[in-house]
Amino acid sequence: MKARSRYVIVLGDGMADTPRPELGGLTPLQYAGTPHMDRVAASGVMGLVRTVPEGLPPGSDVANLSVMGYDPLRYYTGRSPLEAVSMGVELGAADIAFRCNLVTLSAGEPYRAKTMVDYSAGEISAEEARELIRAVDEQLGGDKIRFYPGISYRHLMVWADGPAGSRLTPPHDISGRLIADYLPDGDGREELRDLMYRSWEILSRHPVNLARVARGLRPANSIWFWGQGKKPLLPPFTETYGLSGAVISAVDLIKGIGICAGMEVIEVPGATGNIHTNFRGKALAALEALARGVEFVYVHVEAPDEAGHQGDTQLKVQAIEAVDRLVLGEILKGLEEYPSYRVMVLPDHPTPISIRTHSSDPVPFAFAVDAVVPDGRTVRPYSEEAALAANLFLPDGMGLMRRFLGIE
């Protein structure tokens with residue numbers, strides 16, 4: 001590899017989709033204005049890659065491990081342990097970490113008869129959520145079980161010597177559905193259900209939620225467990241691929257993967273994980289890292305995925321266009337000063353608006369080497385359909401990483 005080579009991956013979480021009638025039969029990627037993604041696609045290699053191995057759930061944990069060049073079949077242990085690492089929560093060898101969402105359930109019915117109204121409790125602020133999780137920990141935590149606040153609706157529960165065989169469902173998979181068939185099952189089912197039932201009693205009467213309801217906002221009136229697992233062990237990225245690396249993301253999951261892989265985690269002020277994130281700040285942080293010698297930067301943007309979960313087509317188009325203009329566009333300008341670089345754009349998985357959750361279908365990727373055609377001179381677009389027509393299919397993310405880095 002050339003001494004001054006730089007490598008950047010811009011990942012728009014959940015960008016891939018299926019054709020939408022309200023977009024004239026186009027996908028959000030096809031409909032959105034993405035001149036910079038199109039430039040990359042026109043300048044180099046484009047195709048489809050399978051980021052979710054058969055038999056594993058199509059989550060961002062599995063898919064991002066794959067895109068970062070780690071085999072999920074070998075290294076995946078669950079989502080929440082990765083988030084725990086990012087949050088600075090130490091896990092013992094027998095500890096089980098659980099993602100603990102703050103969600104909005106329908107009011108009035110017995111708990112089992114409630115509906116999943118909102119998996120994010122109206123994207124509750126981190127400040128409000130911290131108060132709620134603190135109250136849950138004070139009343140439901142103890143020597144074996146502790147709750148830890150994260151960002152917005154995303155939090156953590158750690159169960160010392162807890163059950164490894166629980167069967168749990170992500171709340172964003174059941175938007176608008178009755179929860180009775182999706183409550184915890186398998187190992188620890190009674191304890192987990194009891195914690196959720198009791199959380200309703202605490203949260204539905206909490207002053208933070210009473211104030212939210214008074215302002216016309218959705219209350220975070222229950223916790224919801226999913227994504228459990230034990231602490232993972234990843235070989236360092238530097239040893240695996242011979243490059244110093246950094247990750248930029250608003251979400252603890254991606255930061256946790258980076259920490260486990262021995263990469264630098266760069267914090268960006270105003271990075272939120274939704275459409276109001278600091279898009280341009282992420283790009284500038286990536287360029288600053290490259291300028292001080294970091295060789296590989298992984299820039300993750302959550303906003304398209306959130307729009308997909310919300311079933312909001314126009315918001316997803318808006319998020320994709322922001323990734324193109326404010327993240328990739330800025331990075332392409334900055335890369336012009338390097339004589340040797342590689343830049344890639346792709347999603348981790350599809351988040352089709354039609355189902356409002358993830359799918360395991362292959363995703364389109366495009367990368368360019370050392371040069372990108374000028375704006376306005378693109379000869380092919382970046383989209384799911386164009387990637388299929390390129391007639392290049394890679395069966396796993398590890399192969400994509402090696403091809404992107406030019407080591408095979």
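Computed over the chain, the per-residue total of -39500 (n - 2.57) for DSSP H runs of n ≥ 4 gives a 222 nm mean residue ellipticity of -9500 deg cm²/dmol, rounded to 500. So the label point goes 7 Å from the Cα of D71 along Cα→C-beta, right? Which residues of region 218-249 then have their backbone N under 16 Å from it? Answer for region 218-249: 233-236, 240-241.
Between L243 and S204, the simple label model (points 7 Å from Cα in the Cβ direction) yields a spacing of 5.1 nm. Among R74, R99, a tally of other beta-carbon atoms within 10 Å of each Cβ gives an order, fewest to most, of R74, R99. Cross-link reach is defined here as a Cα-Cα straight distance under 17 Å, omitting same-chain residues fewer than 8 places apart; for K231 the aspartates and glutamates meeting it are D61, D71, E83, E90, D95, D161, D252.
Could you tell me how far the Cα centroid of region 34-51 sits from the Cα centroid of region 236-293, in Å? The distance from the Cα centre of region 236-293 to that of region 34-51 comes to 21 Å. Comparing region 1-109 with the 2.2 N^0.38 Å rule of thumb, its C-alpha radius of gyration ratio is 1.46 (two decimals). Note on I275, I320: ascending count of other Cβ atoms within 10 Å places them as I275, I320, the fewest first. Residues whose amide H falls under 5 Å from that of A366, counting only those 5 or more places apart or on a different chain, are V345, with hydrogens built in the peptide plane. Here the Debye sum runs over all C-alpha atoms of region 86-229 as equal scatterers in vacuum, and log10 of I(q)/I(0) at q = 0.09, 0.20, 0.21 Å⁻¹ comes out as -0.24, -1.25, -1.38.
For region 221-297, rounded, prolate or oblate, judged on the Cα gyration tensor with a ≥ b ≥ c (square roots of eigenvalues), a/c < 1.5 rounded, else prolate if a/b > b/c? Cα axes put region 221-297 in the oblate bin. Between A93 and D370, the simple label model (points 7 Å from Cα in the Cβ direction) yields a spacing of 5.0 nm. Per-peptide packing, taken as the mean over residues of other Cβ atoms within 10 Å, places 202-209, 358-365, 328-335 in the sequence 358-365, 328-335, 202-209 from highest down.
For region 202-211, the Karplus equation 6.51 cos²θ - 1.76 cosθ + 1.60, evaluated at θ = phi - 60°, returns couplings of 6, 7, 5, 10, 6, x, 4, 6, 4, 5 Hz by residue, with Gly and Pro reported as x. Between T18 and R177, the contour length at 0.36 nm per residue exceeds the Cα-Cα span by 55.0 nm. Pairs from the list K255/K316; K230/K316; K230/K255; K230/K282; K114/K282 with a Cα-Cα gap above 28 Å: K230/K316; K230/K282; K114/K282. In terms of its C-alpha gyration tensor, region 324-363 has an oblate overall shape, because the principal axis ratio a/c (a ≥ b ≥ c, square roots of the eigenvalues) is not below 1.5 and a/b does not outweigh b/c. Counting only residues at least eight positions apart within a chain, or on another chain, the aspartates and glutamates with an alpha carbon under 16 Å from that of K333 are D38, E288, D324, D370, D375. Given the options P21, P184, P395, which has the most mean-square fluctuation in a GNM of the chain, springs set between C-alpha atoms less than 10 angstrom apart? Sorting by GNM fluctuation, first place goes to P21.
Remark: the R193-E267 segment gains 23.1 nm on full extension, using 0.36 nm per residue and subtracting the alpha carbon distance. Quarter the surface of the alpha carbon convex hull of the chain and you get the mean projected area, 19.0 square nanometres.
In sequence order, region 78-93 has phi-based couplings of x, 6, 4, x, 5, 5, 4, 4, 5, 7, x, 8, 6, 10, x, 4 Hz under the Karplus curve 6.51 cos²θ - 1.76 cosθ + 1.60, θ = phi - 60°, and Gly or Pro positions carry x. The H on the amide N of A121, modeled in the peptide plane, is under 5 Å from the matching H of T104, each at least 5 residues off or on a different chain. Annotation: amide H of D187 within the under-5 Å range of G165, S166, R167, sequence separation 5 or more or interchain, hydrogens built in the peptide plane. Fully extending the segment from A113 to A160, taken as 0.36 nm per residue of separation minus the present Cα-Cα distance, adds 13.9 nm.
Counted by neighbouring Cβ atoms within 10 Å, the residues W200, W226 run from fewest to most as W200, W226.
All of the numbers you see were taken from the coordinates with simple rules; none came from a lab. Just so it is clear, the model here is predicted, and its values are computed rather than measured. Glycine also receives a Cβ, built like all others from the backbone with ideal geometry; neighbour counts cover every protein chain displayed.
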